1. Within the set of other residues whose C-beta is less than 11 Å from the C-beta of Pro136, count the net charge using Lys and Arg as +1 and Asp and Glu as -1.
2. Label points 7 Å out from Cα along the Cβ direction at Asp62 and Leu119: separation in nm?
Amino acid sequence: MGNRVREAWLAAGGHRVDVDGRWKGSPHAGRRPRRKDSAMSDRATQLAEFMAEYERAANSHDVRQVLPLIADDATYWFTDGSYRGRPEIAGALERTFAAIDDEVYEIRELEWLALTDELAACRYRFFWRGVVDGEPSSGRGRGTNVVVKRDGAWQIQHEHLST
């Protein structure tokens, strides 16, 4: 993620926070959010940080760094198939990491559609670039994730990526 700022939009009120937790205001009004909105902004900040951690883990190309961020019973829908549970998802990730050398994966335009204390849903655009079969390659698409809190930690319960 580097020094770029990720904005997490709250569906209720459109308040924005960056991943450092700084309030960036509302596009609808020039005032600070009310207490309820502030709690939602804190949650959105926490979840934006989780997604940034997920992006960093994916860019490590080490499935052992990614798996703790995925629920045991997660389901992933990729263009090449559907995967249920960590073992199947790990296999899909390992094949991707092996097929794309020097891959850089980016999550942009992260938007939170639902936020509760235990569950959240987001959509985003993803971009990747790397080397496939010795040739520079890149791609992009859309993603939707359902994130759950289990034992005090956020994990991805469902991911759907489409190109």
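1. Details: positive: Arg129; negative: Asp101, Asp102, Asp133, Glu135.
Net of charged neighbours comes to -3.
2. Taking the two extended label points, one gets 3.4 nm.
Computed from the coordinates by the stated procedures, all read-outs in this text should not be read as laboratory data. Computed from a prediction, not measured in an experiment: that's the story for all the values here. For neighbour counting, all protein chains shown are included, and Cβ atoms are generated from backbone atoms with ideal geometry for every residue, glycine included.
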